[in-house]
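**Student:** Take a look at this one; I'll ask things after.
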Amino acid sequence: MKPNLKKYWSRNLKYLLILLTIWFSVSYGAGILFADNLNSVRIGGFKLGFWFAQQGAIYVFVILILVYVRLMNRLDKEFDVDEK
């Protein structure tokens, strides 16, 4: 059973790294690094760089949480560690 748990945690960490990289890219990249370039586009009267810094990163974070829950539910079932 030990090798299975190592595979389980390995895949869990892989999911975490991928999702956190996406979140970091959106929050830091779009909200800070590329804000000046994105500010040429407007959403609802607000500059896109400002929108990402204030709201967009939060929306992406919530979506990533939902994706993580779905991925982990599948992973739990695959390794038979889900709540039945």
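Values in this text are rule-based calculations from the coordinates and carry no lab data. All values reported here derive from a predicted model rather than from experimental measurement. Here Cβ is always computed from backbone atoms with ideal geometry, including for glycine, and neighbour counts include all displayed protein chains.
To keep it simple, each residue is scored yes or no on (1) touching a strand residue (DSSP E or B) at 6+ places or on another chain (Cβ under 7 Å); (2) outside any helix (DSSP H, G or I); (3) in contact (Cβ under 8 Å) with a residue 12 or more places away in the chain; (4) among the β-branched types (Val, Ile, Thr).
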position	(1), (2), (3), (4)
LYS14	no, no, no, no
ILE22	no, no, yes, yes
PHE52	no, no, yes, no
LEU71	no, no, yes, no
LYS77	no, no, no, no
LYS84	no, yes, no, no
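**Student:** Shifting gears a bit: Against the definition (in a helix (DSSP H, G or I) and either free of Cβ contacts under 8 Å to residues at least 40 places away in the same chain or crowded, with 16+ Cβ neighbours inside 10 Å (or both)), how does ASP36 come out, yes or no?
**Tutor:** So ASP36 fits the description; yes.
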